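Everything on this sheet refers to the single structure shown next.
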Amino acid sequence: MRVPIALVLALVVGAGVPASSMDVVRLGFDDIVDRAACIVHGTVREVAPGRDADGIPATWITLDVAECLKGHAGRSLTIKQLGVPEPLPDGTLLRVPGIPRYRAGDEVVVFLHEPSGRGFTSSVGLGQGLYRAEPAAKGRAVRSAMATGAPEDLAAFLARVRRRANP
């Protein structure tokens, strides 16, 4: 008997986790950098939800890469993330708690895990591994997508990532 992969994923993701909460281990900056297989600074070009070849609800996020700070990425990088932000045309909705949402036009610094055998990846520590750039008094600043802490100057943040990622 073959069990649909979507059912297996739903059971694994939801097994033993209360519907109202999910604990995520708080990671420090060094842990986030060290755990990342790829770190990129870029702009979200496109967010495309749908189903992958196995029928699993997924979202493809395409980034125009300004700089690859760790790992390998070309001028464009597409990541495949489990779940969809809004219901698909057939009504299917799969949202994974803690996985950040992306918006076209956002300038981001994202710390990514190595893709799985099925091509899925996510930011390290879920929302902890995504930083969004925003206007600042002088230039640009970044802030964690989890909106924790004060904004940090973008250039200084990128320099700090480079130092840690390439000692």
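Can you tell me what percent of all Cα-Cα pairs in the range 25-165 are more than 22 Å apart? Summing the P(r) tail past 22 Å for the range 25-165 gives 36 percent.
Round to the nearest 0.05 the FRET efficiency obtained for T92 and D64 when R0 = 22 Å and r is the Cβ-Cβ distance. Spell out each step's value before the answer.
Numbers: r = 29 Å, r/R0 = 1.32.
Result of the calculation: an efficiency of 0.15.
Once the other residues with Cβ under 15 Å from the Cβ of P57 are scored (Lys, Arg +1; Asp, Glu -1), what is the net sum? Don't skip to the answer; put the middle values down first.
Details: positive: R51, K80, R95, R101, R118; negative: D52, D54, E86, D90.
Residues near P57 contribute +1 overall.
For the range 25-165, DSSP calls about 95 percent of its internal beta bridges antiparallel. Distances between placed amide hydrogens fall under 5 Å for A141 paired with E134, A136, L154, all partners being 5 or more residues away or on another chain.
Could you work out the relative contact order of the range 25-165, using alpha carbon pairs under 8 angstrom and six or more residues apart, expressed as a whole percent? Kindly include the intermediate steps, with their values, before the conclusion.
Working: 309 pairs, mean separation 33.0, N = 141.
The value is 23 percent.
Quick note: the coordinates plus some simple rules give every number you see, no bench work behind them. The shown structure was predicted, so the numbers you read here are calculated from the model rather than taken from an experiment. Neighbour counts are summed over all protein chains in view; Cβ atoms, including those assigned to glycine, are modelled from backbone coordinates with ideal geometry.
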